[in-house]
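The values are calculated or read from the model by the stated rules, or taken from the named source; none is laboratory data. Since we're looking at a predicted model, the values are computed, not measured. Cβ atoms come from the backbone with ideal geometry, glycine included; neighbour counts cover every protein chain shown.
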Amino acid sequence: MYACFQSRAVKAVITVMMALEWSFVSCSQHLIKSTVTINVRYFAVLREERGVDQELFVTGAANVADLYGELQSQFFFSLSQDRLRVACNGDFVSWHHPIADGDLVVFIPPVAGG
């Protein structure tokens with residue numbers, strides 16, 4: 001009788017452990033942040049501060065605001081987000097616009113003219 005009980009108990013423990021392991025694997029997959037490669041173009045003061053007019057940039061950012069925040073902290077851009085317009089793949093977009101691998105993102109600072 002004891003061996004039968006022990007066997008069922010072991011099976012139950014193994015079943016619970018397997019369920020927990022699958023839950024962990026499932027949750028950890030959602031925590032892995034994927035990266036995308038974005039073609040970034042800079043104009044005016046941003047081009048001067050960065051030293052290039054375009055580059056490929058690998059990022060884990062989800063949208064153009066996160067992308068600019070990452071670029072600004074890495075390259076010390078002087079302009080805040082509220083001073084810029086942003087375009088993605090040729091269209092002006094909001095700062096919440098999602099980005100995808102291969103997108104062309106352009107940050108456009110205010111321009112003086114005459």
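Data overview
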item: Scan of region 51-65 for residues that are touching a residue at least 12 places away in the same chain (Cβ under 8 Å) and either outside any helix (DSSP H, G or I) or over 20 Å from THR35 (Cβ atoms) (or both), ordered by number; result: ASP53, GLN54, GLU55, LEU56, PHE57, VAL58, THR59, GLY60, ALA61, ALA62, ASN63
item: LYS33, sole failed condition from (1) part of a helix (DSSP H, G or I); (2) of a type in the set (Lys, Arg); (3) at pLDDT below 65; result: (1)
item: Scope region 55-82; condition closer than 14 Å to PRO109 by Cβ, of a type outside the set (Phe, Trp, Tyr) and either surrounded by 11 or more Cβ atoms within 10 Å (Cβ to Cβ) or within 10 Å of the chain's Cα centre (by Cα) (or both); matching residues; result: LEU71, GLN72, SER78, LEU79, GLN81
item: Count of residues meeting criterion [assigned to a loop (DSSP other than H, G, I, E, B) and either under 12 Å from the mean Cα position of the chain (by Cα) or farther than 14 Å from VAL36 by Cα (or both)] in region 84-114; result: 17
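Yes/no per residue for (1) in contact (Cβ under 8 Å) with a residue 24 or more places away in the chain; (2) assigned to a loop (DSSP other than H, G, I, E, B):
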{"residue": "ILE38", "(1), (2)": "yes, no"}
{"residue": "LEU46", "(1), (2)": "yes, no"}
{"residue": "GLU49", "(1), (2)": "yes, no"}
{"residue": "LEU67", "(1), (2)": "yes, no"}
{"residue": "GLN74", "(1), (2)": "no, no"}
{"residue": "SER78", "(1), (2)": "yes, yes"}
{"residue": "ASP82", "(1), (2)": "no, no"}
